[in-house]
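Report on one structure; see the data block that follows.
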Amino acid sequence: MIEIQRKIFITATLLGLVGVVLGAFAAHGLRSVLTDSALESFQIGVRYQMYHAFFLFVIGLNSHLSSVQKKYILGLTLAGIILFSVSIYLFATNTMTSIDFSFLGPITPFGGLLLISAWGFLLYVYIKHKN
């Protein structure tokens, strides 16, 4: 149990750290480079990354979840952040590179679905848990 809790806390801390760095980068480094729409999209990616960093801290501290349940939620959340937030970061900064990231458009909703699934699985665990 302690090992999965450690992995969750390290992941949550890393997501939070990167989220703060990217948020500062957006506010100070990208404001003059991106359109308002692209900047807002980038900030949405940061916001969801930060929400889910805190979500993982709660999961790590939750004594009602088994190690297997925590691993499942960690996997869904991490995959969701990578597909959702990272695809938004790349798509929003598309004009800054020679790589066309527009192909990532369909990946973003799938990442959102994985994040929803993590929350849904947590709800399922609590509904199933009778005590």
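Result for the chain in a Gaussian network model with C-alpha springs under 10 Å: among LEU78, LEU115, LEU22, the largest mean-square fluctuation is at LEU22. One chain, two ends: SER63 and PHE110. Fully extended at 0.36 nm per residue, the span grows by 14.0 nm beyond their Cα-Cα distance. Given a 1.4 Å probe and the protein chains as shown, PHE25 ends up with an accessible area of around 100 Å². Within straight-line reach of LYS128, meaning a Cα separation under 22 Å, sit the following lysines at least 8 residues removed in sequence or on another chain: LYS70, LYS71.
When a 1.4 Å probe is rolled over the protein heavy atoms, the share of accessible surface on the chain that falls to carbon and sulfur comes to 71 percent. Rolling a 1.4 Å probe across all protein chains gives GLU3 an accessible area of roughly 100 Å². Angle of helix 2-25 to the longest C-alpha principal axis of the chain, folded into 0 to 90 degrees and rounded to 10: 20°. What the chain shows is 59 Å² of accessible area per residue, with the surface traced by a 1.4 Å probe over protein heavy atoms. In the elastic network of the chain, a GNM with C-alpha springs shorter than 10 Å, the most mobile of ALA24, ALA118, ALA79 is ALA24.
The values are calculated or read from the model by the stated rules, or taken from the named source; none is laboratory data. Everything numeric in this text was worked out from a predicted model, so none of it was measured. In case anyone asks, the SASA skips ligands and DNA or RNA and just uses the protein heavy atoms, side chains included. Shrake-Rupley method; radii C 1.70, N 1.55, O 1.52, S 1.80 Å.
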